[in-house]
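The values are calculated or read from the model by the stated rules, or taken from the named source; none is laboratory data. Since we're looking at a predicted model, the values are computed, not measured. Neighbour counts run over all protein chains shown; Cβ positions are idealised from the backbone, glycine included.
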Amino acid sequence: MISLIIDDIGYRLKEGKSIITIQAPLTYAVLPNAPYSQELANLAYQQGKEVILHMPMQSTLGKASEDNVLSLEMGKKATLDLLQKSFALVPYAIGMNNHQGSLLTRHPGGMAWVMAEMRKTGRFFVDSRTSSQSVAEKIAKEYDVPTLKRDVFLDHEISKASITAQFNRLISLALKKGHAVGIGHPHPETIEVINAMLPILEGLGISLVPISEQFKQSELKAAAVRKAQYANASYCHHRC
C-alpha cells in the first residue's frame with residue numbers, strides 16, 4: 001500500500017482543484033487559515049476524498065509562515081483551544097499532520113497535549129517528520145492515538161525528474177516493508193508525475209489508498225496477532 005498526502009491545500013485555488021479532481025484516492029491536508037481552505041475541503045469531500053487538518057506548528061526557522069501556530073510558549077488551554085478552532089475551520093477533517101513544526105514536534109510536553117486532544121476526539125496523527133528529532137509519533141503511541149510517519153517528500157525539489165525519482169523511492173519502500181506514506185504539494189509538476197505513476201503502481205500490484213486505510217489494515221493485523229496469541233495461550237493452558 002501507498003498513501004499520498006497533499007499538503008498546503010488552501011492557498012492556490014486552481015492547483016488545489018486540479019489535484020483534488022485527480023482520479024485517485026489521495027488525502028488532502030488543508031491549512032486552517034488559508035483563503036480557499038473551506039471551499040477546497042468541501043470539494044474534496046464531495047469528490048469522496050479524505051481530508052485532514054494541516055496544523056501549523058512552530059519551526060526552528062524563527063518567524064512563522066502562518067497565523068495561529070502551535071508554539072512552545074502556549075499553555076495547555078491555549079493549545080487545546082487553537083486545535084479545536086483549527087479543526088472547526090477545516091470541514092470533514094478526520095485526522096491531522098503537522099505543517100512545519102521542526103521545533104514543537106521535538107518537545108514531549110507540547111505534543112502530549114496535542115495527542116491527548118487527538119485521542120479524546122478519536123482522530124489520527126501523521127508525523128510529517130520535518131525534524132529527524134521529532135517525538136510526535138512516539139508520544140502519539142503512548143496516548144494510543146493511531147499514528148504513521150512520512151516516508152518520502154515527493155517534491156522538496158520541484159522538477160519532474162526529481163519528483164519521479166522520489167516517487168520511485170516511495171515505491172521501493174512500499175515493496176520492501178508493505179506500506180509507505182508520501183507527502184507532496186499541489187504543484188503542476190507533482191500533479192503530472194502522480195498521473196503518470198498511477199498505471200505503474202497498478203502494474204506493480206501496489207494499491208494507492210487513503211491514509212485511513214493504512215490505519216484500518218494495521219489494526220486488522222494487530223487484531224490477528226492478538227487472536228493468534230490468545231489461541232496459543234489457550235492451547236497451552238489445556239495441553240502444556
Strands (runs of 3 or more DSSP E) fully within region 1-112 counting 3 or more residues that are touching a residue at least 40 places away in the same chain (Cβ under 8 Å) and either among the hydroxyl-bearing types (Ser, Thr, Tyr) or in contact with a Ser or Thr (Cβ under 8 Å, 6 or more places away or on another chain) (or both) = 2-9, 50-57, 93-100
query = Of these, Arg119, Arg123, Arg129, which one is closer than 19 Å to Gly95 by Cβ, among the charged types (D, E, K, R), in contact with an Asp or Glu (Cβ under 9 Å, 6 or more places away or on another chain) and modelled with pLDDT under 95?
reply = Arg129
key: Members of region 26-41 found to be of a type in the set (Phe, Trp, Tyr) and within 19 Å of Gln100 (Cα to Cα), listed by number   = Tyr28
remark   = Condition set surrounded by fewer than 22 Cβ atoms within 10 Å (Cβ to Cβ) and aliphatic (A, V, I, L, M), scope region 162-192, selection farthest from Gly16 (Cα to Cα): answer is Leu175
task = Output the number of the condition that Arg129 fails; it satisfies all remaining conditions of (1) assigned to a loop (DSSP other than H, G, I, E, B); (2) more than 19 Å from Val145 (Cβ to Cβ); (3) charged (D, E, K, R).
result = (2)
ask   = Taking region 11-29 as the search range and keeping residues that are in contact with a Phe, Trp or Tyr (Cβ under 9 Å, 6 or more places away or on another chain) and hydrophobic (A, V, I, L, M, F, W, C), which one is surrounded by the fewest Cβ atoms within 10 Å (Cβ to Cβ)?
value = Leu13
request  = Can you tell me which residue within region 94-116, out of those that are at pLDDT 95 or above and under 19 Å from Asp67 (Cα atoms), is surrounded by the most Cβ atoms within 10 Å (Cβ to Cβ)?
outcome  = Asn97
Check on Ile211, modelled with pLDDT of 95 or more and under 30 Å from His107 (Cβ atoms) = yes
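Can Ile158 be described as of a type outside the set (Asp, Glu), surrounded by 13 or more Cβ atoms within 10 Å (Cβ to Cβ), over 19 Å from Met55 (Cα atoms) and free of Cβ contacts under 8 Å to residues at least 60 places away in the same chain? Please lay out each step first, then the result.
Details: of a type outside the set (Asp, Glu): yes; surrounded by 13 or more Cβ atoms within 10 Å (Cβ to Cβ): yes; over 19 Å from Met55 (Cα atoms): yes; free of Cβ contacts under 8 Å to residues at least 60 places away in the same chain: yes.
In short, yes.
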Residues located in region 151-190, provided they are among the small types (Gly, Ala, Ser) and either under 17 Å from the mean Cα position of the chain (by Cα) or in a helix (DSSP H, G or I) (or both) = Ala161, Ser162, Ala165, Ser172, Ala174, Ala180, Gly182, Gly184
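Scanning region 126-144 for residues that are among the polar types (S, T, N, Q) and under 11 Å from Arg106 (Cβ atoms), which turns out surrounded by the fewest Cβ atoms within 10 Å (Cβ to Cβ)? Break it down into steps so the answer makes sense when it comes.
Quick first cut of region 126-144, residues among the polar types (S, T, N, Q) only: 128, 130-134.
Okay, now just the ones that are also under 11 Å from Arg106 (Cβ atoms), so 130-134.
Numbers: Thr130: 22, Ser131: 19, Ser132: 7, Gln133: 11, Ser134: 22.
Ranking the candidates gives Ser132 first.
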